[in-house]
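Chemist: Sharing a structure here in C-alpha cells format.
The values are calculated or read from the model by the stated rules, or taken from the named source; none is laboratory data. What you see is a predicted model, and the numbers here were worked out from it, not measured in a lab. Note that we place each Cβ from the backbone using ideal geometry, even for glycine, and neighbour counts take in every protein chain shown. For accessibility, only protein heavy atoms count, side chains too; no ligands or nucleic acids. Shrake-Rupley method; radii C 1.70, N 1.55, O 1.52, S 1.80 Å.
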Amino acid sequence: MKSEIRYRFQSGQVANRFLNELKHWPIADVKTTLLNGGFDVKVSYYFDSAEFDYTCAELDDLAARHEGKEVT
C-alpha cells in the first residue's frame, strides 16, 4: 500500500536537512518532494498493510528531531 505524509518545517534550510537525511535513510526506501516554497516535504513510500506501519513512526520521530510537524 502506498502512503504519503507531508511535514512542515520552520525554514527551508531545516526542510532540506530533513530531506538530506532521508536520501541515505536505512529504515525504508522513500521518495521525497519539496513543496510550499521549500518549507514542506512530502514523503512517499510503500508498506505491507498487513503489519504495523513502522516507517510512519520512524518518519514522525525524525521530523520531530527537526521540529517538523505533520500537515494534512
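Chemist: From the set of residues in region 1-28 that are of a type in the set (V, I, T) and either touching a residue at least 60 places away in the same chain (Cβ under 8 Å) or out of contact with any Ser or Thr (no Cβ under 7 Å at 6 or more places or on another chain) (or both), which is most open to solvent (accessible area, probe 1.4 Å)? Break it down into steps so the answer makes sense when it comes.
Modeler: We begin by selecting, within region 1-28, every residue of a type in the set (V, I, T); these are 5, 14, 27.
Imposing the further condition that a residue be either touching a residue at least 60 places away in the same chain (Cβ under 8 Å) or out of contact with any Ser or Thr (no Cβ under 7 Å at 6 or more places or on another chain) (or both) reduces the set to 5, 14.
Details: I5: 8, V14: 30 Å².
Taking the candidates together, the pick is V14.
Chemist: Would you confirm, using the coordinates I've provided, whether E70 is out of contact with any strand residue (DSSP E or B) (no Cβ under 8 Å at 6 or more places or on another chain) and of a type in the set (D, E)? Quick ask: steps written out before the conclusion?
Modeler: Working: out of contact with any strand residue (DSSP E or B) (no Cβ under 8 Å at 6 or more places or on another chain): no; of a type in the set (D, E): yes.
Criteria not met by E70.
Chemist: If you go through region 10-38, how many residues are in contact with a Phe, Trp or Tyr (Cβ under 6 Å, 6 or more places away or on another chain) and within 12 Å of K69 (Cα to Cα)?
Modeler: Number of matching residues: 1.
Chemist: What residue, among those in region 23-48 that are of a type in the set (D, E, K, R) and over 16 Å from G12 (Cα atoms), is nearest to the chain's Cα centre (by Cα)? Spell out the reasoning first.
Modeler: Let us first name the residues in region 23-48 that are of a type in the set (D, E, K, R), namely 23, 29, 31, 40, 42, 48.
Now restrict to residues that are over 16 Å from G12 (Cα atoms): 23, 29, 31, 48.
Values: K23: 11, D29: 11, K31: 9, D48: 18 Å.
The extreme case among them is K31.
Chemist: I'm checking my understanding of the structure. Among residues of region 33-51 that are of a type in the set (A, V, I, L, M) and touching a residue at least 24 places away in the same chain (Cβ under 8 Å), which one is most open to solvent (accessible area, probe 1.4 Å)?
Modeler: Of the residues in region 33-51, the ones of a type in the set (A, V, I, L, M) are 34-35, 41, 43, 50.
Subset that is touching a residue at least 24 places away in the same chain (Cβ under 8 Å): 35, 41, 43.
Numbers: L35: 50, V41: 0, V43: 0 Å².
The qualifying residue most open to solvent (accessible area, probe 1.4 Å) is L35.
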